[in-house]
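Have a look at the structure below, then the notes.
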Amino acid sequence: MKFSVEAWAPEYGTSMEVINATSEAVVDASVETAPSQWGPVTPSPGRRPPETVLFTDGVRRVDASVWLEGSEGTVRPAICASYSAGAVRCDGRAEVVAADVRRGLFCFPNHDATGISTRYAQYPVCSAGGETPEQLALALQLHMGRLEVSVAECAPADLIVVDGPLTGRLNIPGAVGYVKTHHVAYLPPGLHTVIGKLESGQRTPVFMMTSSTWSKFSWYLRLPGPPGSHWAGVVRCESNADLEVKGVVELADSVTAMLPRFASAGHKDPRAPQNLYPIAGLERQLRRRLGDPALLYRGLREAAMRG
């Protein structure tokens, strides 16, 4: 029996979560190469990588689930959460150049809602589109995304790599989305086979994805790492659809040539090689900045008891 082992540590799940699901986005695979001619693309060896790269990331944490009591006797669910975003600049050395921490009381808007003040932190009201767990989590994600946009503008760089899809962050000039977990299949089955043929430092041709609310260029590339499954070490990159085709092809080559040098090793990171060293280090710093979860929870309990 033949099988392969996922390189990621089991506690992180898998980098290929629900790949049998199909995206509703319309895909144009002929942007760079006719679909009948698709195959692995190797960037030209003389291509000069960007000198300055800015990596951005955000983290979030629910500090407590709460129930808000209204003046009319109504009780509504909400969450108190902390979130942070930051950026690390790499130009021969890695330096964190921005980090910001925010907190919020995420709830469905009503006239009774006020912020929560504790002796350790303040939780101002942040409106959510509803009060289901999914809607509250989405509101938290949106606020974190806006914070990521603001920190991405903090320092000049030749290239900005945003951890995660660009959806909601397409207005960051020159940004490339970096997607390391694959939830859905974007390409038709015949073109998906090209991904399995990629060697380290190679990419697929660029393709266009379009939905009812956004359009993005995208491509897959393989990072260096131990042999494994069809998807071992594969990540997907995204860029703004406003670029000209020639420009996005040059960008795809530049990113494909640059990213492998930041790929993590298995003995140092349980999500190697996709969890790039600058992003992993930034994530650790941001989580520390969120504060002690036990202390923040205690403060919220004390505030609730004071009424």
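Tabulated results
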item: Pairs where the first residue, in the range 217-230, is over 20 Å from F262 (Cβ atoms) and the second is in a strand (DSSP E or B), C-beta under 8 Å, 6+ apart; result: F217/F207; F217/M208; F217/M209; F217/E238; F217/S239; F217/N240; S229/M16
item: Matching residues in the range 149-180 - criterion: being of a type outside the set (A, V, I, L, M) and farther than 15 Å from E238 by Cβ; result: S150, E153, C154, P156, D158
item: Hits in the range 174-201 - residues which are in contact with a Leu (Cβ under 7 Å, 6 or more places away or on another chain) and either surrounded by fewer than 17 Cβ atoms within 10 Å (Cβ to Cβ) or not hydrophobic (A, V, I, L, M, F, W, C) (or both); result: G174, G177, S200
item: Inter-residue pairs, beta-carbon under 6 Å, first more than 17 Å from C90 (Cβ to Cβ) and in the range 246-268, second modelled with pLDDT of 95 or more and assigned to a loop (DSSP other than H, G, I, E, B), 6+ apart; result: V248/V206; V249/E32; V249/V206; A252/V206
item: Condition check for M209: in contact with a Lys or Arg (Cβ under 6 Å, 6 or more places away or on another chain) and under 26 Å from E153 (Cβ atoms); result: yes
item: In the range 27-45, the residues that are outside any loop (DSSP other than H, G, I, E, B) and either of a type in the set (A, V, I, L, M, F, W, C) or in contact with a strand residue (DSSP E or B) (Cβ under 6 Å, 6 or more places away or on another chain) (or both); result: V27, D28, V41
item: Hits in the range 202-233 - residues which are outside any loop (DSSP other than H, G, I, E, B) and surrounded by fewer than 18 Cβ atoms within 10 Å (Cβ to Cβ); result: T210, S215
item: The lone exception for R271 - which of (1) part of a helix (DSSP H, G or I); (2) touching a Phe, Trp or Tyr at 6+ places or on another chain (Cβ under 6 Å); (3) surrounded by fewer than 21 Cβ atoms within 10 Å (Cβ to Cβ) it fails; result: (1)
item: Residue that is surrounded by the most Cβ atoms within 10 Å (Cβ to Cβ) [pool: residues in the range 30-45 that are closer than 30 Å to A152 by Cα and out of contact with any Lys or Arg (no Cβ under 9 Å at 6 or more places or on another chain)]; result: E32
item: Residue in the range 193-200 that is under 15 Å from L221 (Cα atoms), assigned to a strand (DSSP E or B) and at pLDDT 90 or above present; result: no
item: Pick from the range 46-94, criterion in a loop (DSSP other than H, G, I, E, B) and touching a Lys or Arg at 6+ places or on another chain (Cβ under 9 Å), ranking: surrounded by the fewest Cβ atoms within 10 Å (Cβ to Cβ); result: G70
item: Among residues of the range 132-170, those that are surrounded by 18 or more Cβ atoms within 10 Å (Cβ to Cβ) and more than 15 Å from the chain's Cα centre (by Cα), counted; result: 4
item: Residue check for V245: surrounded by fewer than 20 Cβ atoms within 10 Å (Cβ to Cβ) and over 23 Å from G58 (Cα atoms); result: yes
item: Residue list for the range 157-208, restricted to those being among the aromatic types (F, W, Y) and in contact with an Asp or Glu (Cβ under 9 Å, 6 or more places away or on another chain); result: Y178, F207
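Let's see how each residue does on (1) touching a helix residue (DSSP H, G or I) at 6+ places or on another chain (Cβ under 9 Å); (2) aliphatic (A, V, I, L, M):
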residue: A99; (1), (2): yes, yes
residue: P109; (1), (2): no, no
residue: Y123; (1), (2): yes, no
residue: C126; (1), (2): yes, no
residue: E131; (1), (2): no, no
residue: A139; (1), (2): no, yes
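The values are calculated or read from the model by the stated rules, or taken from the named source; none is laboratory data. Note that this is a predicted model, so its numbers are computed, not measured. Every residue, glycine among them, receives a Cβ derived from its backbone with ideal geometry; neighbour counts consider all protein chains shown.
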